[in-house]
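To start, the structure under review is shown below, and the notes come after it.
Every number here is computed from the coordinates shown, using simple stated rules; none is lab data. All figures in this text were calculated on a predicted structure; none of them were measured in a lab. Cβ placement follows ideal geometry from the backbone for every residue including glycine, while neighbour counts extend to all protein chains displayed.
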Amino acid sequence: MLSHEINAKFRSRLAGGGAVLMPGAANALAAKIIADLGFEAVYLSGAGLTNTYLGMPDLGFVGLAELVQHTSTIRDATDLPIVVDADTGFGNALNVRHTIRSLERAGASAIQIEDQVSPKRCGHFSGKDVVALDEARSRIKAAADARQDPNLLIVARTDARTVAGIDAAIERAQAFIEDGADITFVEAPENLEEIRAIPARLSGTPQLINLVVGGKTPIVDLGELDAMGFSLVLYANVALQGAICGMQAALGQLKADGRMGEDGPVASFRERQRLVGKPEFDALEKRYAL
């Protein structure tokens, strides 16, 4: 399916109501598993990419070229809508424009731009700071203007809750809506009252909430968040945290026992090949054989 068709369907899905449960992926294999399990969208997590690709914390180490490469790879792997975490947009408004154009060509369905200072920090870390409102608004205006597909969605994230409180964060989100954001994302609300206030005060525009296992925001059931009015419920790094747990279990057993068979805590060889499309490549090989 072509990107513009995926984007149009995603915009229509969000407009139709009902919260979309969206896991994060740090690579194409994770995205294929997410699609295989029947999820409706996938999030390319900047934190997950940094942790997986570089083995480093989410402190702004991934560049635009790397993000474009991974977006393109995930687009080749799945027809799911891809929401791409583009951090601060990699510079000023002109850099944001270039970021949006580059990620749109790579196959993004929605692109997230945030208002942190650069280099950014994970939204659930301490020590964050945000740029002045005028600068933050210029990023969102540039992002909205830069898209060439009108169905490409701009996600405007604010990290002002930790810096200035929930009221200031919601006020920033409202300003971003005026600047052309299609979805707003108030990061790291710290209690149920704050969570409820976000869609209540920003009604009419889709809202994204990020639930980080072990993070600052309490975990709330999908149905309850849907009833509150959230459109996207993001678990940005559950797949990554699950993979870490699985690798530690499998490798720990291998280290202890000195051997590992398919009775161990691993996917079977056949399942691994199914997920990466080996049977389809076998069929292609036969089709093109001389």
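Do the sum for the chain: with -39,500 (n - 2.57) for every DSSP H run of n ≥ 4, divided by all residues, what is the mean residue ellipticity at 222 nm, to the nearest 500 deg cm²/dmol?
-14500 deg cm²/dmol
Given 0.36 nm per residue, what is the gain on full extension from Asp129 to Asp282 after removing their alpha carbon distance, in nm?
Once the chain is fully extended between Asp129 and Asp282, it gains 49.9 nm.
Between rounded, prolate and oblate, where does segment 3-243 land on the alpha carbon gyration tensor, with a ≥ b ≥ c its root eigenvalues, rounded for a/c under 1.5, else prolate if a/b exceeds b/c?
Rounded is the answer for segment 3-243, as its axis ratio a/c remains below 1.5.
For labels at Gln248 and Glu66 in the simple 7 Å Cα→Cβ model, what's the distance in nm?
So the label points at Gln248 and Glu66 sit 2.3 nm apart.
Based on Cβ point charges of +1 for Lys and Arg and -1 for Asp and Glu, what charge dipole magnitude is obtained for segment 1-97 about its Cα centre, in debye rounded to the nearest 20?
240 debye
Only bridges whose two residues both fall in segment 3-243 count here: according to DSSP, what percent of them are antiparallel, nearest 5?
5 percent
With unit charges on the beta carbon (Lys/Arg positive, Asp/Glu negative), name the residue among Leu192, Ile74, Asn151 whose Cα is farthest towards the positive pole of the charge dipole of the chain.
Ile74
Tell me the label-point distance for the pair Ala227, Leu54, using the 7 Å Cα-to-Cβ offset, in nm and rounded to one decimal.
4.2 nm
Determine which lysines satisfy two conditions relative to Lys216: a Cα distance under 30 Å, and not lying fewer than 8 residues away in the same chain.
Lys32, Lys120, Lys128, Lys141
Using a ≥ b ≥ c from the Cα gyration tensor of segment 134-290 (square roots of the eigenvalues), is it rounded, prolate or oblate, where a/c under 1.5 gives rounded and otherwise the larger of a/b and b/c decides, a/b for prolate?
Oblate is the answer for segment 134-290, as a/c is 1.5 or above yet b/c matches or exceeds a/b.
Would you give the gap between the C-alpha center of segment 1-50 and the C-alpha center of segment 194-256, rounded to a whole Å?
So the two Cα centres are separated by 14 Å.
For the chain, calculate the relative contact order in percent as a whole number, restricting contacts to Cα pairs under 8 Å that are 6 or more residues apart.
18 percent
Taking the beta-carbon count within 10 Å as an exposure proxy, list Tyr43, Tyr235 from fewest neighbours to most.
Tyr235, Tyr43
Report the FRET efficiency, 1/(1 + (r/R0)^6), for His98 and Val238, where r is their Cβ-Cβ distance and R0 is 35 Å, rounded to 0.05.
FRET efficiency, His98 to Val238: 0.65.
Given a Förster radius of 45 Å and the C-beta distance between Asp36 and Val117 as r, what FRET efficiency does 1/(1 + (r/R0)^6) yield to the nearest 0.05?
0.70
Highest mean first, how do 157-168, 20-31 rank when packing is the count of other Cβ atoms within 10 Å averaged over residues?
Ranking, from highest mean packing down: 20-31, 157-168.
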